[in-house]
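The values are calculated or read from the model by the stated rules, or taken from the named source; none is laboratory data. Note that this is a predicted model, so its numbers are computed, not measured. Here the Cβ positions follow ideal geometry from the backbone for every residue, glycine too, while neighbour counts run over all protein chains shown. For the accessible areas, the whole protein counts, side chains as well, though only heavy atoms, and no ligand, DNA or RNA atoms are used. Shrake-Rupley method; radii C 1.70, N 1.55, O 1.52, S 1.80 Å.
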Amino acid sequence: MRNTKARETAWTGMLFALAIALSYLESLVSPLLGLMPAIKLGLSNVVVMYALLFLRTRTALLLVVLKALFAFLTRGATAGFLPFAAALSLVVMLVLLHLPISGYIFCAGAALAHNLGQLAGAAVLLSSAMALGYAPVLLAAGLAVGGISCLLSRALFAALPASAGEQRQGSPFKNKNLS
């Protein structure tokens, strides 16, 4: 039992480090691609998706909390509050696991939920619905980022060795006919 706990702790630490590195990479690449503020490629969210599909829900939730705490400690309260939108994304992914959907719908649903969570958080922080004016841009970006996440996830999950573990039941990447 101790080995299982140590293995889970090691995986969580490695995935957290990967998520932070990918988040940093996104912050460098997004301006080069000409993306507007708050629009990211969602690379670190693929790490959370991996944890959800290959490990445990608890591990995925822990990654969401750790990412938000890291953002809070390194970039301040506002940056630490908005990543909790990933928790809404995680909830949507959990619901979608129970539906026979494609990998794109799974990833786009997660990206859209994340963006809606960010919009709601921004509206609360600004005490105004002014942030909601950005909704069409973020929702369109969510559809595009969902496609990118789907392609990356499909390639990543297919390339993983069998020792990576079994995918969770309901994973849209498990059945080749659905992705």
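So, R0 is 25 Å and r is the distance between the beta-carbons of THR74 and LEU32; what FRET efficiency does that work out to, to 0.05?
Details: r = 21 Å, r/R0 = 0.85.
Calculated transfer efficiency: 0.75.
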(Q) Using 0.36 nm times the number of residues separating ARG58 and LEU156, minus their current alpha carbon distance, what extension gain do you get? (A) 33.1 nm
Q) Considering the dipole of the chain built from charges on the beta carbon (Lys and Arg +1, Asp and Glu -1) around the Cα centre, which of CYS107, LEU25, MET49 is farthest to its positive end? A) MET49
Q. If you take the C-alpha gyration tensor of the range 1-139, multiply each eigenvalue by 5 and take the square root, what semi-axes do you get, largest first, in whole Å?
A. 25, 18, 14
Q. How would GLU166, GLU8, GLU26 rank on accessible area, largest to smallest, probe 1.4 Å?
A. GLU166, GLU8, GLU26
Q: Enumerate the residues in the range 97-132 having an amide nitrogen under 19 Å from the point lying 7 Å beyond the Cα of ILE148 toward its Cβ.
A: 103-119
(Q) Helix-only estimate, please: 222 nm mean residue ellipticity of the chain, summing -39500 (n - 2.57) across DSSP H runs of length 4 or more and dividing by its residues, to the nearest 500. (A) -24500 deg cm²/dmol
